[in-house]
Amino acid sequence: MTHRFLCTACGKCCYGQIPLTVQDAWVHAKRFPLAMVWSPVREGSKDFNSVARFGTVVAMPKAKNLAVLIVPTAYLPPTFACPELTADNLCAIQLQKPARCRTMPFYPYREEQFQAELLAPRPGWLCDISAAAPIVFADKQIVERDDFEFELQALQEQHAIILRYAEYMFKYTPQLRESLAKVAAKPKAGQVVTSLSSFLTAIRHPDTKSIAAQQLPLLQHYADQTAGQSDLHDFHRNYLQWVKEMRFLVDRV
């Protein structure tokens, strides 16, 4: 069976959070307010094995084990456009855009045989899946693979760093395990968000001060943008807290 897809540059997918590779997070630290997003899935899910391969597995004594993705993310509210989305819905950094944007709508965190499910446009998206669009998926495989393979390799290469971060967080933030269990128990998939500063500290990044300095004005900007909006309370609270953390890193390191 074949599936067709063509991006029409409607810009609808350029809103909200953008999962990044670790390398893309550093490259774009001056563009995006960054956070670490933890997304758990329960054992038995079709995505459990692929999530475990790129994330970590959390043993739950009284429930099914969890596989957890831990992803550097451009932490934007769902109604906020990517800061590099132009007025005519084009990408202002087309030649330097993150791997995630290049691979869309495919997603290396999911087993390849299930990628066809991602080709159905979400409500309001104007992706072309008509007979005029090119075939992009056939016989349970992606046809044009370069971008997919590039992102996949980046995820494989960064896995050791992600595991080191997970070990650090479970050691110094014992409540994290319970938070992940609560999120995983909800009918709709959820996430736990931690700060980029914790990641920088855990992996002892040599350019921590520079990255923190780039993040500081961005986080303050988004704190100002989300102030007074009740539906964005969590975003606003996090931005404010992370401003303090980044300022501490700039002054300390």
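What follows is calculated from the coordinates using simple rules that are stated; it is not laboratory data. It should be emphasised that the depicted structure is a prediction, and the values quoted were computed from it without experimental measurement. Cβ atoms come from the backbone with ideal geometry, glycine included; neighbour counts cover every protein chain shown.
Sort region 59-158 into rounded, prolate or oblate with this rule: let a ≥ b ≥ c be the square roots of the eigenvalues of the Cα gyration tensor; rounded if a/c is under 1.5, and if a/c is not under 1.5, prolate when a/b is larger than b/c, oblate otherwise. The partial results should precede the final answer.
On the way: a/c = 1.63, a/b = 1.24, b/c = 1.32.
Verdict is oblate for region 59-158.
Does region 120-253 classify as rounded, prolate or oblate by the C-alpha gyration tensor (a ≥ b ≥ c root eigenvalues; a/c under 1.5 gives rounded; else a/b over b/c gives prolate, otherwise oblate)?
Numbers: a/c = 1.78, a/b = 1.53, b/c = 1.16.
In terms of gyration-tensor shape, prolate.
Rounded to the nearest 0.05, what FRET efficiency do residue 144 and residue 64 give with R0 = 51 Å and r taken as the Cβ-Cβ distance? Could you check?
Working: r = 37 Å, r/R0 = 0.72.
According to the calculation, E is roughly 0.90.
Roughly what would the spin-label model give for residue 85 and residue 164, points 7 Å off Cα along C-beta, in nm?
Simple spin-label model gives 3.5 nm for this pair.
Give me the extension gain from residue 15 to residue 30: residue separation times 0.36 nm, minus the current Cα-Cα distance, reported in nm with one decimal. Before the final figure, lay out the partial values.
Numbers: separation 15, 0.36 × 15 = 5.40 nm, distance 1.80 nm.
So the extension gain works out to 3.6 nm.
What shape does region 21-103 have by the C-alpha gyration tensor, where a ≥ b ≥ c are the square roots of the eigenvalues, rounded means a/c under 1.5, and otherwise prolate means a/b greater than b/c and oblate the rest? If you can, show how the numbers build up before the last one.
Details: a/c = 2.63, a/b = 2.54, b/c = 1.03.
Note, shape of region 21-103 comes out prolate.
Dipole of the chain, Cα-centred, from +1 at each Lys and Arg C-beta and -1 at each Asp and Glu C-beta, to the nearest 20 debye?
Magnitude of the dipole: close to 800 debye.
Taking the chain as a Gaussian network, Cα atoms linked when under 10 Å apart, which of 55, 44, 16 shows the biggest mean-square fluctuation?
Comparing 55, 44, 16 in the GNM, the peak value goes to 44.
Charges on Cβ only, +1 for Lys and Arg, -1 for Asp and Glu, centred on the Cα centroid of the chain; of 10, 115, 200, which one is farthest towards the dipole's positive end?
Farthest towards the positive end: 200.
Anything over 22 Å Cα to Cα? Flag those among 64/140; 30/171; 46/140, in the order listed.
Values: 64/140 29 Å; 30/171 30 Å; 46/140 15 Å.
The pairs that break the limit, which is 22 Å between Cα atoms, are 64/140; 30/171.
Exactly which trypsin sites (Lys or Arg not before Pro) in region 96-170 are in a DSSP loop and have at most 16 other Cβ atoms within 10 Å? Can you show the working numbers first?
Values: sites: 100, 102, 110, 140, 145, 164; in loops: 110, 140, 145.
Answer in residue order: 110, 140, 145.
Taking the square root of 5 times each eigenvalue of the Cα gyration tensor, what semi-axes in Å does the equivalent ellipsoid of region 2-203 have, largest first?
Details: eigenvalues 167, 86, 48 Å².
Output for region 2-203: semi-axes of 29, 21, 16 Å.
Could you tell me the largest-minus-smallest coordinate of the C-alpha atoms of region 35-77 on each of the three principal axes, in descending order and whole angstroms?
Taking the Cα atoms of region 35-77, the three principal extents are 33, 20, 16 Å.
Which whole-Hz ³J(HN,Hα) couplings does region 208-217 yield from phi under the Karplus relation 6.51 cos²θ - 1.76 cosθ + 1.60, θ = phi - 60°, glycine and proline marked x?
So the J values, rounded to whole Hz, are 3, 5, 5, 5, 4, 5, 6, 6, 3, x.
Separation between the residue 231 and residue 132 pseudo-spin-labels, each 7 Å from Cα along Cα→Cβ, expressed in nm?
Those two pseudo-labels are separated by 3.4 nm.
Along region 132-148, what does the Karplus equation 6.51 cos²θ - 1.76 cosθ + 1.60 (θ = phi - 60°) give for ³J(HN,Hα), rounded to whole Hz, x for Gly and Pro?
7, 7, x, 6, 10, 9, 8, 6, 6, 9, 6, 6, 8, 9, 4, 5, 4
Among 150, 170, 137, whose Cα projects farthest towards the positive end of the dipole of region 132-174, with charges put on the beta-carbon of Lys, Arg (+1) and Asp, Glu (-1)?
Toward the positive end, the furthest listed residue is 170.
Can you return the aspartates and glutamates within cross-link range of residue 209? Criterion is Cα-Cα under 13 Å, with same-chain partners fewer than 8 residues away left out.
In chain and number order, the partners are 245, 251.
Summing +1 for each Lys or Arg and -1 for each Asp or Glu, what net charge is found among the other residues whose Cβ lies under 14 Å from the Cβ of residue 226? Intermediate results must be reported in sequence, preceding the final value.
Values: positive: 237; negative: 224, 231, 234.
Charge balance in the 14 Å sphere: -2.
Tell me which of 125, 67, 87 sits at the most positive position along the dipole axis of region 54-150, charges placed on C-beta atoms (Lys, Arg +1; Asp, Glu -1).
Looking along the dipole axis, the top candidate is 67.
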